[in-house]
Amino acid sequence: MPTDTLFSLANSAALLGWTALALSPLAPRPAVMLAGRIIPLALATLYTGLVLAFWSGAEGGFSTLPDVMALFRTPEITLAGWAHYLAFDLFVGAWVAQTARSEGIPHYQTLPLLLLTFLFGPAGFLATQLLRTARSPFPSLQPKGQP
Amino acid sequence: MTPALTLPARPTLRLWDAAPALSAFALLVALAAIPLLAAAALDPRSLQGEGIWVKPLKFHLALTVYFATLAIFARWMPAGMMETRGWRIYQAVIIACTVGELLWIGGAAALGTASHFNLSSPAWAMLYPLMGVFAVTLTSMTLVMGMAIWRNTATGLPAPVHLSVALGLVLTFVLTVLAASILAQGTGHLVGTPVTGARLPLLGWSREVGDLRAPHFLATHAMHVLPLAGLSALALPSRAQVPAVWIAAAAFCALVLWALATSLAGRPLV
């Protein structure tokens, strides 16, 4: 399958997962199963297959920035890198949705966190932790069992 | 709301009860083929005329069948033997050797090169004999289990089936080590010329020259063929059942030796 087709397929799969998370109050468990397990695992399979097939033929490596940039001269490795972003960002997105729900964060506050994680993964993760800290700065003082 | 105080009993399978590590490992080897299938679908490279991931996939299939078979037969092991510390250590060694073997074969495919018979660099030349030691070690579990089941008088199996399971396991070890060591003497699995590429589907054996993988395959399947013979023997009059298993074992040994001789002579089996 050409890399362009795989790229579109991977993007569509990730988008489906993010849509499920945005609508997750309607069906929280299936949404988290889809966006936190099924789609990330499918993307992880694509990633692993690409790395097994194309890593040894690619230039570059992990040790210097020019080496990392050289890796991305191989289209299949760039596709693998993209699948990596998609898989892990979506997995973190599912964790954000699940954590926000279990801590009683209203969905209108979760949505911007999900959007940020979707576009700029680590920034969304950071924002989620900032919001959780602001809502409950001393979790050890909370009575047990309270969200 | 009161939380449930007791968890529902975890559903277990008989395989996981009798041999949790062997069953889990068989399933793990099977699941690990999923990324290899993805690689096979994406990778344009080939080696010796077939897709580069065909060989790792065949080894994952074969070792899944191997460990699943051992897990099935584990229920006839002497009571308590598989709970001993010695067994756990031995089993861990077997699993480590198998993981090593699969990493070597899969790693060679990822690097676009051969695993067996690869002497192209000092590192590969050092790995190949080491992997031979690993292979004999992982095959030794059939001998150990075969002997243990043989001596276990409490399997509850009819005599011909009991004998055929034990004998099949022991013969898998003896015949596989024989066939594989002959296979490893050469520079490749094929004997003879010309090789134009005619092969059996799935198995991949040559249809034009001798292919020493064929006797290895037959030898290793003693653990399946003999128990089937043992089950079939139940249809015979009871006095003939046990002798029939011995005759089947002798015939199977003869088949493997014939396959070895034919392949060494440079002729295909089929």
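What follows draws every value from the coordinates through simple rules; no lab data is involved. The shown structure was predicted, so the numbers you read here are calculated from the model rather than taken from an experiment. Glycine gets a Cβ as well: all are built from the backbone with ideal geometry, and neighbour counts include every protein chain shown.
When every Cα-Cα distance of segment B:14-141 is counted in 5 angstrom steps from zero, the calculated P(r) takes the values 2, 10, 19, 20, 17, 13, 9, 6, 3, 1, 0 percent. Counting only Cα atoms, the size of chain B along its three principal axes is 64, 63, 31 Å, in decreasing order.
Counting only complete DSSP H runs, which helices of chain B cover 18 Å or more along their long axis at the Cα atoms and score a mean Kyte-Doolittle of 0.0 or above? Counting only whole DSSP H runs, the qualifying helices are B:54-73, B:85-110, B:122-151, B:159-185, B:238-264. Along its three principal directions, the equivalent ellipsoid of chain A from the Cα gyration tensor extends over semi-axes of 34, 18, 11 Å, largest first. Net charge dipole, the protein assembly as shown: roughly 980 debye, given to the nearest 20, about the Cα centre with Cβ charges of +1 for Lys and Arg and -1 for Asp and Glu. Other protein chain C-beta atoms within 10 Å of residue C-beta, averaged over B:23-35: 1. With the convex hull drawn around the C-alpha atoms of segment B:157-270, the volume per residue stands at 92 Å³. If you run the Gaussian network model on chain B, springs between alpha carbon atoms under 10 Å, then out of B:14, B:239, B:213 the most flexible one is B:239.
Rg/Rh for segment B:99-144 stands at 1.03; both radii use Cα atoms, and Rh follows the Kirkwood definition. Taking a spot 7 Å from the Cα of residue B:120 along the direction of its beta carbon, which residues of segment B:24-63 have an amide N less than 16 Å from it? Correct set: B:44-56. Summarising the amide proton neighbourhood of residue B:191: residues at separation of 5 or more, or on other chains, whose placed amide H is nearer than 5 Å comprise B:210, B:211, B:212. Within the protein assembly as shown, all pairs of alpha-carbon atoms sorted by distance into 20 Å bins from zero give the percentages 20, 42, 30, 8, 0.
Legend: mean number of C-beta atoms from other chains within 10 angstrom of residue C-beta atoms, peptide B:106-112, equals 3.
For residue A:33 and residue B:199, FRET efficiency with R0 = 51 Å and r from the beta-carbon atoms, rounded to 0.05?
After rounding, the FRET efficiency stands at 0.75.
For the protein assembly as shown, the residue among A:86, A:38, B:115 whose Cα projects farthest onto the positive side of the dipole built from Cβ charges is A:38. Working from Cα positions, state the angle (0 to 90°, nearest 10) between the long axis of helix A:75-102 and the longest principal axis of chain A. Approximately 10 degrees, to the nearest 10. Taking every C-alpha pair closer than 8 Å and separated by at least 6 residues, the mean separation divided by the residue count of chain A gives a relative contact order of 23 percent. When the Cα positions of A:5, B:31, B:143 are compared along the charge dipole of the protein assembly as shown, B:143 comes out farthest toward the positive end, with charges on each C-beta of Lys, Arg, Asp and Glu.
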